[in-house]
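Quick notes on the structure that follows.
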Amino acid sequence: MRVNKATCQDLDRALSLEWLETNGRGGFASGSVAGANTRRYHALLLVARRPPVDRIALVNHLEEWVEVGGQVVPLATNLYPDAVHPDGYRRCTGFSTEPWPTWTFDVQGVPVQREIFYPHGRDAVVARWQVKTVSGPLLSLRVRPMLTGRDYHALHHENGALFPQAVIADGHVSWSPYSDLPSVRVLHNGTYRHQPDWYRRLHYPVERERGLDCEEDWWSPGELVFHLASDNPVWMVLTTELIESADVAALAEEEQRRRARAVARAPKGNPLVRALWSAAGAYLSERGKAQTVIAGYPWFTDWGRDTFISLPGLCLAPGRFDVARQIIEAFATHVSQGMIPNRFPDAEGQPEYNTIDASLWFVDAVGRYLEATSDERHVRQTAWPAVRQILDGYRGGTRYGIRMDADGLIVGGVPGTQLTWMDAKVGDWVVTPRHGKPVEVQALWVRALTVGEALATRFEDPAYAARCREDRERASSSFRARFWYEAGGYLYDVIDGPDGDDPSLRPNQLYAVSLNDGLLSHEQAKRVVQVVQEHLLTPVGLRTLAPTDPRYRARYEGGVTERDGAYHQGTVWPFLLGPFLTAWIKVHGKTAAAKKTAQAFLQGIERHLGEACLGQVSEIFDGEAPHRPRGCPAQAWSVAEPLRALVEDVGVTGIARRPAKLAGGRSRRTSRTAPVKRSRKKGGR
């Protein structure tokens, strides 16, 4: 992604464009193309002390000036309540995300380049500057790091508890402003001057727009001075690691090779697939000795539902099978009462199991993993016991009233809870409770029983296979008898709820088509896809409620209550394009024309890659044009589901794979994934 001079020097536009660097440990660096921080989550050195959680912001910004010919020229930009100072964006002549965030500035006719990258697996951020001419005047660069030292959801203010001293040595300096946080070390090839100062009332306009506190104070310990020449790149490494030196050139070389390897297997002829393929790696992170999926940046960590909806697109489609296995095994160890966690807390504490669908998405992912890899040994050892616990837990009953009813369908919900992906809650107000039998949960249950039967057959347990088959046939029969809403020509969203059957026109019904073959008649399936296309489809995703519904909210804006009230009441979710494309191909066939039309549904997403967080896909959009991007600017399943559908359904692939068959089941290419979202406690929405 490249940004031209005119856009870089258009402050409002440059502030709206964000960049993101992740380290595979839950840490990240992010900011705006303009250079100014516009939200509390923008920072350079932001690390996870217990990857991927317990995140803290340590270094938020670098203030830079170049001295040439007796003049001081700023490169940085900051926002204050009534001022923009300094205004380095006015000298920016270009920005690129390749191979990492890179700016070029015109300093009195001399082009100066700044780069920032976060090496994979390291709690260290590299900043590097270089004059981009063969010859030119000697320039002096001064850089002031701006520190906070806070939980990444919080804000920092001037206080007397901060310890202002520095430990200075040749080539590195360290500060420990707060005793309960890691020290910040800076390795550099310049000279350090210790000159502590406070920068007060930094203004974050995105936080103000979201109805939250929006001002912060930064502490700056001192200044680093470098001499810039055409043959002399200067650099600094900001880190919490106990290292004494760094070979920045070698770090950059290795990181560039790693990124090139990550996309080397992506299809060459499809720019959207290559872009999503490249974006997918940002969401994979360590959790202990295994791997997990970060739901979104900047404020989400790993959530069970998001993880297993995203796993096929992030891991199976690009061939990251070892990562998929580690993710499955990591969550399998946390099965409790037939459920996997929906969320691991940011701080110490027990996992949260408040979801009716995450465990069923886990089962779906296990089935897909085995279909893609034929890895019977690992599935038998770890995943199969977890699958059985989940199926048996849902049959016998588990938390929140979740159980298999007499008709074979799954019922769940207790007052004051939100269990499906449509889980916004403000205080005691559950916006979309959906208690009873939600449509996508039944589709997931039928799919889970199919996987259970296939695994039991494969692992030589015919009695369990027969039980799964019988339960699936009963659930399928009940679904066909109960869920068709004849008056509307589509499926009920929920049946047997406290207020009866709910005919709200929502996208959840797509899973009855995308996850299973034959759950609906072909005509019913085609009608479902048609109704969704007519009422819910937009260029960037699917609305969560039809505009004809009196509860429909066209804009996602205002304070927390207003935004949460719109979150699933019309707001557009791009990840739903995944099941929509799968369902579209199923009812229209895998003809060249159908595939071309299906791919055209993603043109809005392709355009969106050049706005908001560059190269990434936002969490949500407004329900009406111009469909402004909202929520997290980088969301895992927003990337994963379109990518999965392009590879599996449209058939764009660069990996030679055989669609292995589950014993007694369908080809890997005949059933698909993906649904739906959450109540985010910190920073979210």
What do you reckon, is Gly367 touching a residue at least 60 places away in the same chain (Cβ under 8 Å), open to solvent by less than 40 Å² (accessible area, probe 1.4 Å) and at positive phi?
no
Taking the stated definitions as given, is Ala372 without any contact (Cβ under 8 Å) to a residue 12 or more places away in the chain, among the aliphatic types (A, V, I, L, M) and surrounded by fewer than 23 Cβ atoms within 10 Å (Cβ to Cβ)?
no
Residues of region 182-217 that turn out to be open to solvent by less than 20 Å² (accessible area, probe 1.4 Å), under 18 Å from Met236 (Cβ atoms) and out of contact with any Leu (no Cβ under 6 Å at 6 or more places or on another chain), as a count
1
Filter region 566-583 down to the residues that are in a helix (DSSP H, G or I) and either in contact (Cβ under 8 Å) with a residue 60 or more places away in the chain or hydroxyl-bearing (Ser, Thr, Tyr) (or both) and list them by number.
Pro574, Phe575, Leu576, Leu577, Gly578, Pro579, Phe580, Leu581, Thr582, Ala583
In region 536-561, which residue that is aliphatic (A, V, I, L, M) and in a strand (DSSP E or B) is surrounded by the most Cβ atoms within 10 Å (Cβ to Cβ)?
Leu542
Checked region 244-270 for anything among the charged types (D, E, K, R) and free of Cβ contacts under 8 Å to residues at least 12 places away in the same chain; matches are Asp247, Glu253, Arg257, Arg261
How many residues does region 76-98 hold that are farther than 19 Å from Leu147 by Cβ, open to solvent by less than 40 Å² (accessible area, probe 1.4 Å) and touching a Lys or Arg at 6+ places or on another chain (Cβ under 9 Å)?
5
Could you check region 435-524 for helices (runs of 4 or more DSSP H) lying wholly inside it with 1 or more residues that are at pLDDT 95 or above and closer than 16 Å to Ile390 by Cβ?
439-458, 462-482
Criterion (open to solvent by 10 Å² or more (accessible area, probe 1.4 Å) and hydroxyl-bearing (Ser, Thr, Tyr)) met by exactly one of Thr571, Thr597
Thr597
Residue that is most open to solvent (accessible area, probe 1.4 Å) [pool: residues in region 114-143 that are assigned to a loop (DSSP other than H, G, I, E, B) and among the aliphatic types (A, V, I, L, M)]
Val134
Counting only residues that are in a strand (DSSP E or B) and among the aromatic types (Phe, Trp, Tyr), which one in region 1-53 is surrounded by the most Cβ atoms within 10 Å (Cβ to Cβ)?
Phe28
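The values are calculated or read from the model by the stated rules, or taken from the named source; none is laboratory data. Given the structure is predicted, the values throughout are model-derived calculations rather than measurements. Using ideal geometry, Cβ is built from the backbone for each residue, glycine included, and neighbour counts are taken over all protein chains shown. Remember, those area values only see protein heavy atoms, side chains included, never the ligands or the DNA or RNA. Shrake-Rupley method; radii C 1.70, N 1.55, O 1.52, S 1.80 Å.
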